[in-house]
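Report on one structure; see the data block that follows.
The values are calculated or read from the model by the stated rules, or taken from the named source; none is laboratory data. Just so we're clear, the structure is a prediction, and the values are computed from it rather than from any experiment. Remember, those area values only see protein heavy atoms, side chains included, never the ligands or the DNA or RNA. Shrake-Rupley method; radii C 1.70, N 1.55, O 1.52, S 1.80 Å.
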Amino acid sequence: MAVFHMKKTREEGFSLVELSIVLVIIGMILSVGVGLMNNFSKQTKITREKANLSAIKHSLTSYALSRGKLPAPHPPNELPYVEL
């Protein structure tokens with residue numbers, strides 16, 4: 001009876017194909033994440049500016065109600081009065 005001794009090989013580490021697939025997947029995830037962060041950043045700026053405009057509107061309305069008129073800019077050839 002013949003006994004064959006098969007040498008058991010053990011693979012260690014990852015193949016180049018496996019590593020490249022993982023890198024492609026990570027790249028896809030990062031590209032989606034960067035796009036979402038960019039969109040989120042734009043939405044944050046828009047929301048902040050809407051709040052600023054609302055505050056300006058409220059301030060102008062309060063000024064007009066208390067003084068009966070809206071503030072007007074100084075004529076270009078006159079300097080505003082500043083008390084020191």
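Among the residues of the range 4-32 satisfying the criterion of being among the β-branched types (Val, Ile, Thr) and open to solvent by 100 Å² or more (accessible area, probe 1.4 Å), which is modelled with the highest pLDDT? Top of the filtered list is Ile29.
Is it true that Lys57 is assigned to a loop (DSSP other than H, G, I, E, B) and at pLDDT 85 or above? It is false that Lys57 is assigned to a loop (DSSP other than H, G, I, E, B) and at pLDDT 85 or above.
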